[in-house]
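The values are calculated or read from the model by the stated rules, or taken from the named source; none is laboratory data. What you are looking at is a predicted structure, and each value in this text was computed from that prediction instead of being measured. As a convention, Cβ positions derive from the backbone with ideal geometry for all residues, glycine included, and neighbour counts pool all protein chains shown.
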Amino acid sequence: MAKPDRLLLVIDLQVVVAPGGPWELPAIEPVVDAVTWLVDHHDGPVLASRHVPVPDSPGTLGPFARQDDPTELTANAAELVPGLQHLTSVDKSSYSAFRCAEVREAAQRAGSVIVCGVETDCCVMATVYDLLDAGLRTTVVPEATTGPDPVSHDGALRTMARLSELVQVRSLADVFAVGP
């Protein structure tokens, strides 16, 4: 079991990226299974973020939100995927979940964070960098993350692994064998 004082942070694992969703990600089903396993076996706090871009979002997310055709998105697109809908969640309109006060406070209380979710090369990586900047020990679980394609996903994991003094990229088995 992972140590109970670690925050498990599930990033943007929403209906919109699930099979059949308008932003469906390749290989998302095994990621959902891995995240569900993490949630079911984690003894500590768990928090999920939901990516909800709005047209007046700061930075680059505003133009991103304005380019979407609202008719393409279903009413439940922002909901967490089935099996994770019971999680406490916070809405974010930035790439990094750490910009949400609730995530920041929970992460600082815990002192270290296990990160999973989507997309590895975008919201996951942005969150990891903010966690590191805050001095928080961070673990990323590769089987429980994915990106738009294998090259982007693997590149992001390699980039984060280069920061091994600050962030650990550890398998699901490793996280629960020795803790983050």
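Here are some notes:
- When region 132-147 is filtered for residues that are among the hydrophobic types (A, V, I, L, M, F, W, C) and under 12 Å from the mean Cα position of the chain (by Cα), the ones remaining, listed by number, are Val140, Val141, Ala144.
- For region 112-128, the condition of being exposed (fewer than 15 other Cβ atoms within 10 Å of the Cβ) and not hydrophobic (A, V, I, L, M, F, W, C) holds for none of the residues.
- Restricting attention to region 144-180, the residues being surrounded by 14 or more Cβ atoms within 10 Å (Cβ to Cβ) and outside any loop (DSSP other than H, G, I, E, B) number 19.
- Residue match in region 149-168 (condition: free of Cβ contacts under 8 Å to residues at least 12 places away in the same chain, out of contact with any Ser or Thr (no Cβ under 6 Å at 6 or more places or on another chain) and basic (Lys, Arg)): yes
- When Val10, Val39 are screened for being surrounded by 13 or more Cβ atoms within 10 Å (Cβ to Cβ), assigned to a helix (DSSP H, G or I) and out of contact with any Lys or Arg (no Cβ under 9 Å at 6 or more places or on another chain), only Val39 passes.
- Filtered residues of region 128-140 (kept if under 17 Å from Gly155 (Cβ atoms), part of a helix (DSSP H, G or I) and touching a helix residue (DSSP H, G or I) at 6+ places or on another chain (Cβ under 8 Å)): Val128
- Scanning region 83-108 for residues that are in contact (Cβ under 8 Å) with a residue 12 or more places away in the chain and over 16 Å from Asp130 (Cβ atoms), we see that the one that is surrounded by the fewest Cβ atoms within 10 Å (Cβ to Cβ) is Thr88.
- Candidates Val31, Val46, filtered to the one that is modelled with pLDDT of 90 or more, among the hydrophobic types (A, V, I, L, M, F, W, C) and farther than 14 Å from Cys123 by Cβ: Val46
- Residue check, Ala126 in contact with a Phe, Trp or Tyr (Cβ under 9 Å, 6 or more places away or on another chain), more than 20 Å from Leu38 (Cα to Cα) and free of Cβ contacts under 8 Å to residues at least 60 places away in the same chain: yes
- Residue pairs meeting the criteria (Cβ under 9 Å; at least 6 apart or on separate chains; first over 11 Å from Thr145 (Cα atoms), in region 15-44; second among the aromatic types (Phe, Trp, Tyr) and part of a loop (DSSP other than H, G, I, E, B)): Val16/Trp23; Val17/Trp23
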